[in-house]
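This is the structure, below, for whatever I ask next.
The values are calculated or read from the model by the stated rules, or taken from the named source; none is laboratory data. Because the structure is predicted, anything quoted here is derived from the model rather than measured. Cβ placement follows ideal geometry from the backbone for every residue including glycine, while neighbour counts extend to all protein chains displayed. Side chains are part of the model used for accessible areas, which takes the heavy atoms of the whole protein and leaves out ligands, DNA and RNA. Shrake-Rupley method; radii C 1.70, N 1.55, O 1.52, S 1.80 Å.
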Amino acid sequence: MKKNEIKRILESSLPYPRMTIWADQRFDALSAMLEEQPGTSSRTQKIGLEAESDISQAGELLEAEPTVRRRRRPVLKLCFSLAALALVFLFVLNLTQPSLTEALPGMGGLFQAFNKGLSGEEDTSVSSSPEEPRQILESEAPYRISLTDAFCEGSCINVSLRLETEDAGLLSAVWLSPYIDPNDPKNEEYSVTVNGQKAKLLTEITFDREENGFDCHNICIELPFPAENGQKLAVELRLDTLWGIKGDYSTGVTSQSEMITEEPVAFSFEVTADTTANRSGESASTADGITFVGFESTPLYFKAKLSYPAILQTPLSRTGELVHVEARTEDGGELYYAAEANEWPEPGTYFPGEVISHTAAFSGVPSTAGQVIVTLYNTYSQETVFPYVDGGVIGACVFAEFTVDLNTGEVAATETYLERGYEKFSISDYTATMTAGPQFVDHMFDHQIQSGFGRDCLQEEESAEPDSKPSPLRWTVFFYSDTDGELPYEVRFYIQGELYQTVPLCRTEDSVDTETGYMTIREESDLRVEDIDPEKCGLTDAVKRIYHASAYFEGDLDDSGYDLVSLANYQIVNTETEEVLFDYSSYERPMHFFTPPGDTGAEP
């Protein structure tokens, strides 16, 4: 008997027209397996005959069944009546006490679906208590991960996790984080998928030690596709390796000891997208060459799309840079900068004055706020940038400000920064001022002092076999020069008002050549001079050399706090004339010191 005839006989005996897809596939697979075996034809014919015989016997039983039914009809009627009465009772109970019927074992789901359809409402809300993660990987990891919060606004999923363990090694860590092994060709620390598609983490996973375990807040997963409101999203997250630094979590003091656990853990959970609070708008509001293109506001992020000419943040630079953008609500609440969601051109690919597109991203706007004020600065507000004229510092100034009305979508240029004491400066004039380059005084520009521990210059044999003595205190003065000629200068270091060390800023008998210049290494001081290629270093062509002069102190200081710079003072002196060219103790850098193009100076 042929395969199709067998299938037709089987289907004729079914209570529905055809076999299901799954049954059809299984039947074809069984037939193919039989055809591959010796004697297939006879075996298939035998199966067909047996199937035909079984069907004939089933037909005989069916023909005899009406007699049985007639004898049991009163009993069946009674059963059907009782079942109908019970069903009516359950539906009446459901109208008055739906919570009881929805909790019935076996039938609760039926009543839940019936009640949801009866109300005519679709469940598109986001659960405030997401489903507990399901373990999807058999693991011997000495820790457990649970989900404490999850939310999706259509483009990203914000997740918070908790790690619990009884392992003493893990509990000794101040924090735990996925570890990238540089020797592993796969080089994976984690993997995450959403609805089976690979997704990207915009923030790092770091579990901070708490009293009863480790918590990781606000992990941002970028969706591989835009999610619609109410769409279910199945997330699978796998952590391959965790590593951390041991220490005391209550004080934050860490040691150099590391601990690593290599047992992978994977789990999954489900979250529902909620886009009902999202807002967006387009704008063409322009202020002094800066355009506010549009905005997007979700519970997770506020994004401002901007267009403006690139600036120079320091006259030493040669490539264009971004402006600094801040955002706050109308009541002064700060929206925190979200670097992971920012979009800007690749650094070094644009020049000062070139118009670029920049999407500045911040934390989500509180639901009670109706406006967002976006301000563009030359640098971080309340901070300063590099000195420009006579060592003066250009303070934070405002290029433009825009206020976004989240309810209407309107954007307007405003000046609330004046109330906070800021000045406005033209972005085009600012860039022209910086592009003019630094003004060197006595061939020097931007004198700075830094402090630390350890020696600045080490010879090869010293670096190969480090001294067992403790690292000395170090004060280092550095500045830029517009000449590669020798300067007849020296740096004089003072500690608590007394002269401590003198470092010549020129080549001496004990100086040695380096690949980029020369250095002078002494027990009590070092000098390192570097001749630079401005283009390779990203500096303006006016810079020829960089000087580093260091003095070391290996004794005990009465005031040995963290502010080592305050313990020292220095002067730069012309050894030929004994003229003090720069005195750190009497120098004050003026604030908001601008020199427009063409001017020779300005009063601070």
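Return the residue satisfying two criteria in turn: it lies in segment 328-361 and is under 30 Å from GLU419 (Cβ atoms) and assigned to a loop (DSSP other than H, G, I, E, B), and of such residues it is nearest to the chain's Cα centre (by Cα).
ALA338
What about PRO178, is it open to solvent by 30 Å² or more (accessible area, probe 1.4 Å) and either at pLDDT 85 or above or not acidic (Asp, Glu) (or both)?
no
Of the residues THR483, THR502, only one is in a loop (DSSP other than H, G, I, E, B) and polar (S, T, N, Q); which?
THR483
While we're on this one: Just one of the numbered conditions (1) part of a loop (DSSP other than H, G, I, E, B); (2) open to solvent by less than 40 Å² (accessible area, probe 1.4 Å); (3) modelled with pLDDT of 90 or more; (4) of a type outside the set (S, T, N, Q) is not true of VAL325; which one?
(1) is the only condition that VAL325 fails.
Can you list the strands (runs of 3 or more DSSP E) found entirely within segment 382-448 that contain at least 1 residues being modelled with pLDDT under 85 and open to solvent by 50 Å² or more (accessible area, probe 1.4 Å)?
384-387
List the number of the failed condition for LEU376; all other conditions in (1) hydrophobic (A, V, I, L, M, F, W, C); (2) in a loop (DSSP other than H, G, I, E, B); (3) at pLDDT 90 or above; (4) open to solvent by less than 10 Å² (accessible area, probe 1.4 Å) hold.
It fails just one condition, (2).
Residue check, GLU461 against (1) within 15 Å of VAL529 (Cα to Cα); (2) at pLDDT below 85; (3) open to solvent by 30 Å² or more (accessible area, probe 1.4 Å), all met but one. Which one?
Failed condition: (1).
Identify, from the list THR254, THR261, THR314, the residue that is open to solvent by less than 50 Å² (accessible area, probe 1.4 Å), within 30 Å of PHE214 (Cα to Cα) and modelled with pLDDT under 90.
The match here is THR261.
Right, here's the next one. In segment 525-551, how many residues are at pLDDT below 90 and either closer than 23 Å to SER451 by Cβ or assigned to a strand (DSSP E or B) (or both)?
1
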